1. What is the Å³ per residue value for the convex hull set by the Cα atoms of region 188-263?
2. For region 347-395, state which GluC sites (Glu not before Pro) are in a DSSP loop and have at most 16 other beta carbons lying within 10 Å of their beta carbon.
3. For helix 436-447, report the angle its Cα long axis makes with the longest principal axis of the Cα atoms of the chain; keep it between 0 and 90° and round to the nearest 10°.
4. Over region 379-436, what is the mean sequence separation of C-alpha contacts under 8 Å (at least six apart), divided by residue count, expressed as relative contact order in percent?
5. Of all trypsin sites (Lys or Arg not before Pro) in region 201-267, which ones are in loop regions per DSSP and have a Cβ with at most 15 other Cβ atoms within 10 Å?
6. Report, for the chain, the % of DSSP beta bridges that are antiparallel, rounded to 5.
7. Given a Förster distance of 35 angstrom, what is the FRET efficiency for residue 368 paired with residue 155, based on the Cβ-Cβ distance and rounded to 0.05?
8. Send over a whole-number figure in Å² for the accessible area per residue of region 149-219, probe 1.4 Å.
Amino acid sequence: MDQRTLVRTLTPVVALLLLAGCTDGGAGVHGEPGAAGAGDPLFHRLGNGGYDVQHYALTLGYDPRTGTLEGTAEITARAAQDLSAFNLDLHGMSVTGATVDGKKAAANRAGDELTLRPHTDLDKGRTFRAVVRYSGIPKTIVDEDADKSREGWLKTPDGALAVGEPVGSMAWFPSNNHPGDKATYDIKVTVPEKLRAISNGELKNRSTTGGRTTFGWTSKEPMASYLVTLAIGDYRLAESRMPSGRRVLTAVDQAVSEESAELLGRIPEIMEWGEEKFGPYPFSSTGAIVVPAEAVGYALETQTRPVIPLDPDENTLDIDTLVHEMAHQWFGNSVTPKSWKDMWLNEGFAQYAEWIWAEDHEDTPAQEKFDQAFAQETNWAFPPADPPSAAKVSDDPVYDRGAMVLHKIRQAVGEKVFFGIVQGWAATYRHSNASTADFTAYVEKKSGKDLGALWDTWLYGKGKPATP
């Protein structure tokens, strides 16, 4: 008996359900659209639901003369539900075509939301490959913070710099742009042959044809989209090896190359100190990208290769900045927050790394740094674990008061237990995501102490304690 003959013998409701299963080639899937947002408590529209990205393969071509970027993004993902459609985050740019598993997919735009509707619905658990072709002049995004920080795609005199915290990566490639969805990356970039293109991870290949050079980068360890970077310009590349054999690759804009050389030479020292304090380094290589300060007004912990701005008039890099961004490789990059409300787990740890570096190398006790932070009134604007809005996610309490939380834990549990907690936290959540609740539970489990009063006062308390 064929299916339509069978339908005539069934009740009308059952018949309609069965016939509905005949659509889309008889796939029998009744999917729903994935959510147009990841449910972040601060950035409500950021990210998307319904799927988990495994890998991004980006093929890019950039023309600095026109500012035009041509891109193809191949996104390998796993459906977390039965999907009839799903969203990607993409700011500006023009989409010229899209496929899912090799078949044309409908592509619709609404602001920063790009919705793809596959030819057939996707079963929950299925791994699929979406390809998006796009082009245009990528935009710079101005953040909501008090400094009106610039991110996304920053044009430079001879190229461009792409930085993505917290939302900017969607300015140059479509993604599930939320820290909760980490993935591996392959990034292939073609630029005029006199320029360099530097990204995260390992440089696997480089070739020149017809006056243009293609650089192929790969990141085998998972990475949040906000940590992806791309620097295009006249960079001086230098490679060395740590005693452990780990590769150190630095890229320095020619305009500031002389001023940065001495401090960049201390990267191996900083990394060895970091491994002593925080445990094994979580990535296959390390290094830095140094740019003129006018290119970007802040340092950023982009994975394996943090972006460091340098004012040529200052002559040298700030070692505290380098220590801070290197500490992020453990705290923020390997152990990544589940939501932007957990940002203090990034910045509190990196700030405290500065304090213990000063303790170990400058004879400045961490307690002295704590006292200075305690006296600074801006640190009491809100609790570090509860930023009131997206505009406040990088304000002082997230940094200094976050570091104060760690110092109070250290005092409460003792030196040996504290550094065991720090290393254990980095190891337990290596290459994954964690929340503030995960952290407080982990600390109490490993210390054997009820630290509720500490959390209430230092992590969640809205006012300044009477005494330190």
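The values are calculated or read from the model by the stated rules, or taken from the named source; none is laboratory data. Because the structure is a prediction, the values reported are computed rather than measured. When we count neighbours, we look across all protein chains shown, and the Cβ atoms used for this are built from the backbone with ideal geometry, even at glycine. The accessibility values were calculated without ligands, DNA or RNA, using every heavy atom of the protein model including side chains. Shrake-Rupley method; radii C 1.70, N 1.55, O 1.52, S 1.80 Å.
1. With only Cα atoms used, region 188-263 gives 116 Å³ per residue.
2. 362
3. The two axes meet at around 50 degrees.
4. Result for region 379-436 is 27 percent.
5. Passing both the DSSP loop test and the Cβ count: 266.
6. That works out to approximately 75 percent antiparallel.
7. Between residue 368 and residue 155 the formula returns 0.25.
8. 31
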